[in-house]
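Encoded as structure tokens, the structure appears first; notes follow it.
Any read-out appearing in this document is the output of simple, stated calculations on the displayed coordinates, not a laboratory observation. It should be emphasised that the depicted structure is a prediction, and the values quoted were computed from it without experimental measurement. Virtual Cβ from ideal backbone geometry, glycine too; neighbours counted across all protein chains shown.
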Amino acid sequence: MKYQALLAIALLLVITTSGFGKSLSQEKQRGHLQMLRTEAFKNMRLTPLDQAYLDTYSLLSGDNQCSRFFAGRGSRLILDEFVIRLRVRVISESGVGIRMSGTFANLVEHREGIVYRLFEQAEINSHGAFYKSFNLSDARLIPDIGRFPPDTREARVLMLLHELAHLIKGTDGRWLIPDDGSDAQLSSINTQTVECKCGENIRAL
Ligand SMILES: [Zn+2]
């Protein structure tokens, strides 16, 4: 009996550990984002992603045209959920800055009344416009993001906002921008839509 109980406990531990494998790294990242927002990080040297997150967070904290487009300050909660899932990877197509893929879950942020979704995978291309302005493998310049040159603070914020617009549903029941998958032209129209709402605020950062 005693042995059986021990076995049951051991089994439970295995199940618990494997079940939390993924969310543990997400929880770690969630804690990291919380720390970033404290005063202690004010004068610290930040990674491009940390800086872009803080810039975007502060932009959505204000009452401005951009935050209103994103359903208000509550959109910061969706930004957090998105950023804690973001992973930096090498994606061979340098035209891809950030890519979300796989199945997605439809969710509701009840307190803020925001309907949103999160994709299974969200990746930043370490060889794309978030980090680079030149692609070494094909010796080509990486195109601007909207009107912002690649590998700049402004371009990174616009890239995060573009993805966030794919995740939040508007009051008309549609995602703030339509899915653009592998349609580069539609993707750039979507970037223009977001820049139209947020460009001024991004320039003022
Ligand atoms: Zn897109």
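Of note:
- Looking at the stretch 96-131, the GluC sites (Glu not before Pro) that sit in a DSSP loop and have at most 16 other Cβ atoms within 10 Å of their own Cβ are E112.
- Whole-percent P(r), the stretch 45-96, all Cα pairs, 10 Å bins from 0: 22, 43, 28, 7.
- Coupling constants for the stretch 97-103 follow from the phi torsions by the Karplus curve (6.51 cos²θ - 1.76 cosθ + 1.60, θ = phi - 60°), and in residue order they are x, 10, 10, 10, 8, x, 6 Hz; glycine and proline get x.
- Cα gyration tensor, the stretch 90-159 - rounded (a/c under 1.5), prolate or oblate: oblate
- Taking amide H positions as modeled 1.01 Å from N, with prolines and chain starts lacking one, the residues under 5 Å from V88 and 5 or more places away or on another chain are I124.
- Cα Rg over Rh - the chain, Kirkwood: 1.05
- In degrees, nearest ten, helix 153-167 long axis to first principal axis of the chain (Cα): 60
- Mean Cα-pair separation over length for the chain, i.e. relative contact order, pairs under 8 Å, 6 or more apart, %: 17
- Label point distance in nm, D179-R45, each placed 7 Å from Cα along Cα→Cβ: 4.2
- Exposure proxy order (Cβ contacts within 10 Å, fewest to most) of E195, E27: E27, E195
- With K and R counted +1 and D and E -1, the other residues having a Cβ less than 12 Å from that of N201 yield a net charge of -2.
- Here the calculated FRET efficiency for L136 and D172, from their Cβ-Cβ distance with R0 = 45 Å, stands at 0.55, rounded to the nearest 0.05.
- The slack in the chain from L107 to H32, taken as 0.36 nm per residue of separation less the alpha-carbon distance, amounts to 24.7 nm.
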